[in-house]
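Here the structure comes first, spelled out in structure tokens, and everything after it is commentary.
The values are calculated or read from the model by the stated rules, or taken from the named source; none is laboratory data. Just so it is clear, the structure is predicted and the values come from calculations on it, not from any experiment. For neighbour counting, all protein chains shown are included, and Cβ atoms are generated from backbone atoms with ideal geometry for every residue, glycine included. Heavy atoms of the whole protein, side chains included, go into the accessibility calculation; ligands, DNA and RNA do not. Shrake-Rupley method; radii C 1.70, N 1.55, O 1.52, S 1.80 Å.
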Protein chains: 2
Amino acid sequence: MAEHQGRRRFLATIAAGSTMAAANRLASPAVAQNQPQLSWRLTSAFPDSLEVMQGAAEVFVKYVAEETDNKFKIRIFPAGKLAAPIAAADAVTKGKVEMAHTASSYYWGRDPTFALGTGLPFGLNARQMNAWMFEGGGLELMNEFYARFNIIAIPAGNSGCQMGGWWRKQIENLDDLKGKKMRVGGFAGKIVAKLGMIPVQIAGDDILPALTKGKLDAAEWVGPYDDEKLGLYKGAKNYYYPGWWASGPMTHIFINKASWDILPKAYQAIVTTAGAMANTTMLARYDAKNPAALKRLLRKGVQLRPFSKDIMEAAFAFAEDFYAETASSNRNFKRVFDNWKQFRADQYLWSQVAELGMDVFQAQAVNRS
Amino acid sequence: MAEHQGRRRFLATIAAGSTMAAANRLASPAVAQNQPQLSWRLTSAFPDSLEVMQGAAEVFVKYVAEETDNKFKIRIFPAGKLAAPIAAADAVTKGKVEMAHTASSYYWGRDPTFALGTGLPFGLNARQMNAWMFEGGGLELMNEFYARFNIIAIPAGNSGCQMGGWWRKQIENLDDLKGKKMRVGGFAGKIVAKLGMIPVQIAGDDILPALTKGKLDAAEWVGPYDDEKLGLYKGAKNYYYPGWWASGPMTHIFINKASWDILPKAYQAIVTTAGAMANTTMLARYDAKNPAALKRLLRKGVQLRPFSKDIMEAAFAFAEDFYAETASSNRNFKRVFDNWKQFRADQYLWSQVAELGMDVFQAQAVNRS
């Protein structure tokens, strides 16, 4: 309650006008002024069951509090409490909450440019995504776009490349995909449909029953650690890879821009670096937890299978066509996409040399040793 | 000068005893007390010419200052000014400076356990290194070791997998390596010597003349961006990959432990997250800068060549033997290494599936598109 009132007071300050706030910031700084007491609210777009993804927001909030001696408190509200995942960005836009932890791509229906913030199918890997965001102009371009929605974004996590989902039957080639019903996230459904499949969107808890009853032929979720918790291996044993629709999906803290603009510069820097810690931690946790989960799944009889080359190439070609079409009809998308596409080309030119050469060697040498 | 005096005052506070400092921290916090004015000194172990590596310390220092409204100032001293690179850790141990930005492996001669902090040859890649450090127990284990030297470390950067260096002649197999003089960093020289080569340690600026005159047959430095600046392509045209001795080398901020212990908790959190931002930024900058440098080098007639499989496998086997020997005679090394080796095995088990599957596909699909 106290927090809530604190927030109201702070929103009242915002309403008093950002000009005044800016003037305050320029004034000779008294310590108390530069370290105001704040109580903000953050709506999570991720279910608690995705504890690693959701946990990045906890890391973020913990560091912001520690760095400010608990003067800047951010309370996390679970998905659906204040805003549904699909409404999280809107809640930030309208100032219902100051922050959300979300996948930008959830809002691709409003404008496909949102998808670029998380990562397009056949996009960058997690490391390349950081390079693009922080040093390739990606974050500036995306924030220019988000500003239309009164949002400023800070990278806050990544799952790494996801898996290609659980399939009741083996799929050898493109023909095997025709007519298959697959649970798959929003934007990727566009490409999946071009492969002749029927994309279905249902919540995490509903996947296993649908898969078991044959209402779904396939379903993707995240990777070994999260998929194991949903028990998806009980509904289908063929575990395909890679999840080409999620090669390095990044999450963000979305911040109401008016709230951000009146933050003292020190708090802005604190939020930015707490985001960097969350971003690093989510990926590190997934990397630390996935191997053991994969081993457990294999012991349960799960069959790892790669998508065939013709499936991968057809999906890649459909994706490229779809991006070209979207860029030709949407200037927001085109502005970011043109930069992203050149960056992606450059990244794979370089990363295939030392990095990929080393990874390919190590994968066989270490696993044999 | 003011900074220097500030530092002296702060050191005097340290001398007054950490017990008092701890008691102060428990006392009801007044704002001024929790945000003391500090002026610290950081010695860099990297030459200014390695501006991306060195730049991570600048990112770190910039964020610490911004987050504290310039109350916590850290001044960077270039390598050699206060301490030579090889003496940077010692300067921190003795409290000559509060901080250093360095590669832990520079001190492997004192104890090979230091090499694990940066990464052993045939070690983890940059992303796996983060996973091990932050979520695999790596940082706790290393800090337990560094405590013997009155040091606490915070990850602060990574170059990604480096290149295998510049070779005057093509090398096809193990026989071609015999008797070759190669400029190569410290710890890796142990493995290089087992391959029948003669490892040589010379400073960056001396490499090109030695290579041109044939005093060296080969030389490694970092990767395309840094190597181009030294002009190494003028001395040898065969650019080999991968740099198996540096698969994901991490740099750290080394902090004098007594200085760290009396930092207010908020400052400790600020230093930690500023480190996370430096860590992310260094890798992102290398990734953003290396592709263009690689393209320029290729236009100058540089020949990219992979090390042959028999060379890689022989080096891997020598490295594994060397680690086993070292672990059997050094308990510090064994304690960290045992954890690291299991973690590496688990990482490659998992990363070869979705991540590597995607990277391999993308490398050919994107480069063709």
In order through segment B:173-180: 3J(HN,Hα) via Karplus (6.51 cos²θ - 1.76 cosθ + 1.60), integer Hz, x for Gly, Pro: 8, 4, 4, 5, 7, 3, x, 6
For chain B: accessible area per residue (Å², 1.4 Å): 37 Å²
Candidate lysines - alpha carbon under 21 Å from B:Lys180, same-chain residues fewer than 8 apart omitted: B:Lys169, B:Lys190, B:Lys194, B:Lys213, B:Lys215, B:Lys234, B:Lys237, B:Lys309
Estimated buried accessible area (total), pair A and B, 1.4 Å, Å² to nearest 100: 7200 Å²
Net dipole in debye of segment B:219-356 [+1 Lys, Arg Cβ; -1 Asp, Glu Cβ; about Cα centre; nearest 20]: 580 debye
Radius of gyration, Dmax [the protein assembly as shown; alpha carbons; angstrom]: 26.0, 77
A:Gly243 long-range amide H proximity, modeled H, under 5 Å: A:Gln162, A:Met163, A:Gly164
Radius 12 Å from Cβ of A:Asn150, net charge of other residues (Lys, Arg +1; Asp, Glu -1): +1
Given charges at Cβ of Lys, Arg, Asp, Glu: chain B dipole, positive-most of B:Met129, B:Pro306, B:Val92: B:Val92
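Around B:Gln54, what is the net charge, scoring Lys/Arg as +1 and Asp/Glu as -1 over all other residues with Cβ under 12 Å from its Cβ?
Once positives and negatives cancel, what remains is -3.
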Candidate lysines - alpha carbon under 20 Å from B:Lys257, same-chain residues fewer than 8 apart omitted: B:Lys73, B:Lys94, B:Lys96, B:Lys265
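May I have the convex hull volume per residue, in Å³, for the Cα set of segment A:101-251?
108 Å³
Given a 1.4 Å probe and every protein chain left where it sits, what share in percent of the accessible area of segment B:233-335 is carbon and sulfur?
On the way: 1760 of 3420 Å².
Looking at segment B:233-335 in its full context, I get 52 percent from C and S.
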Selected from B:Ser104, B:Ser351, B:Ser328 as most flexible by GNM, with chain B as the system and alpha-carbon contacts under 10 Å: B:Ser351
Percent carbon-and-sulfur accessible area, segment A:117-226, ignoring ligands, DNA and RNA, probe 1.4 Å: 47 percent
Per-selection Kirkwood Rh - chain B (Cα, Å, 1 d.p.): 21.8 Å
Table column - 3J(HN,Hα) (Hz), segment B:79-95, Karplus curve with 6.51, -1.76, 1.60, x for Gly and Pro: 3, x, 6, 9, 7, 5, x, 6, 10, 5, 5, 5, 5, 6, 3, 7, x
List of segment B:288-305 residues, accessible area with partners at least 20 Å² below that of the chain alone (1.4 Å probe): B:Ala288, B:Asn290, B:Pro291, B:Leu294, B:Lys295
Within chain A: Cβ-based charge dipole about Cα centre, in debye rounded to nearest 20 (Lys, Arg +1; Asp, Glu -1): 920 debye
Trypsin sites (Lys or Arg not before Pro) restricted to segment B:121-196 and DSSP loop, no more than 10 other C-beta within 10 Å: B:Lys178
Amide H within-cut-off set for B:Phe72, under 5 Å, with H built and near neighbours excluded: B:Leu38
Neighbour cut-off at most 16 other Cβ (10 Å), DSSP loop, GluC sites (Glu not before Pro), segment A:121-222: A:Glu172
Cα coordinate range in segment A:218-322, projected on the principal axes (Å, largest first): 54, 38, 19
In sequence order, calculated HN-Hα J values of segment B:110-123 (Karplus, 6.51, -1.76, 1.60; Hz; x Gly/Pro): 6, 7, x, 4, 4, 5, 5, x, 8, x, 7, x, 6, x
Other-chain or far-sequence residues with amide H under 5 Å of B:Ala156's (modelled H): B:Thr251, B:His252, B:Ile253
Cβ charges +1 (Lys, Arg) and -1 (Asp, Glu), total dipole of segment A:212-254, debye: 220 debye
